[in-house]
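Here is the structure we will look at, set down as structure tokens.
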Amino acid sequence: MLSVFAGLGLGLSLIVAIGAQNVFVLRQGIRREHVLPVVVICALSDALLIAAGVAGLGFVISAAPWLVVVARWAGALFLLAYGVIAARRAWRGGEELRTDTDSADGISSTPTAGRTATTTRTATRTSLVPVIATVLALTWLNPHVYLDTVLMLGSIAATHGEERWLFAAGAMAASVLWFTALGFGARYVGRWLRTERSWRILDALIAVVMITLAVSLVLPVIVP
């Protein structure tokens, strides 16, 4: 059991940080839009990466560092593009939580002419396919995930010997707990995001985070 708790603690320490993936999950949770698929994809992706690290993929990455370089530049370009899109949303506006009363699922119902009119959560709703594509790109094009989750976590798991898979199970549980809490807990922040101005501020912050992360990925290569 000590190996499980060690994996849980290390997993949380690596994943609980401001990053592109967490910011995206938070935004989807606040919008209450495709939260379950996003949480499942993030947790499952982490589980696959952790398993790969424990199984020995970290040695492959060490032997072929160019794989991390490719992921670094591809991830930077994607983050930059996503940051520009978020900045455009912040500039143009047009989103808000249009609720009249607080309810369990975030949808308000107002009697109108003898019937109930349901007000939507947001002005626009993104379809599932681009959301899945975005979360997959944010996860698998992040070079840090290969360095931290695969290489470092896999190396530490190896020190637990025969209990390395218990360590991996703890790290996987940390991912499930974190993304579930982040995705489904974000809805309670929605009360402060009922106006278009609030969403524009949120998107501006997202743009800053994404563009900063993109620069941070390539800066060590550009400026040794």
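The values are calculated or read from the model by the stated rules, or taken from the named source; none is laboratory data. A quick note: this is a predicted structure, and the numbers were derived from the prediction, not measured. Every residue, glycine among them, receives a Cβ derived from its backbone with ideal geometry; neighbour counts consider all protein chains shown. Areas reflect the complete protein model, heavy atoms only, side chains present, ligands, DNA and RNA absent. Shrake-Rupley method; radii C 1.70, N 1.55, O 1.52, S 1.80 Å.
The simple spin-label model puts a point 7 Å past each Cα toward its Cβ; for Trp73 and Ala204 those points are separated by 3.5 nm. Accessible area ranking (1.4 Å probe, heavy atoms, ligands and nucleic acids excluded), largest first, for Tyr188, Tyr146: Tyr188, Tyr146. Distance between the modelled labels on Ala181 and Leu147, one decimal in nanometres: 2.6 nm (7 Å Cα→Cβ projection).
For the residues Thr139, Thr195, a 1.4 Å probe over the protein chains yields an accessible-area ranking, largest first, of Thr195, Thr139.
Segment 132-160 and segment 27-90 have Cα centres lying 8 Å from one another.
Heavy-atom accessible area with a 1.4 Å probe sorts Phe24, Phe78, largest first, into Phe78, Phe24.
What the phi angles of segment 171-177 give under the Karplus curve with 6.51, -1.76 and 1.60, with θ = phi - 60°, is a coupling list of 5, 5, 4, 4, 5, 4, 4 Hz, glycine and proline written as x.
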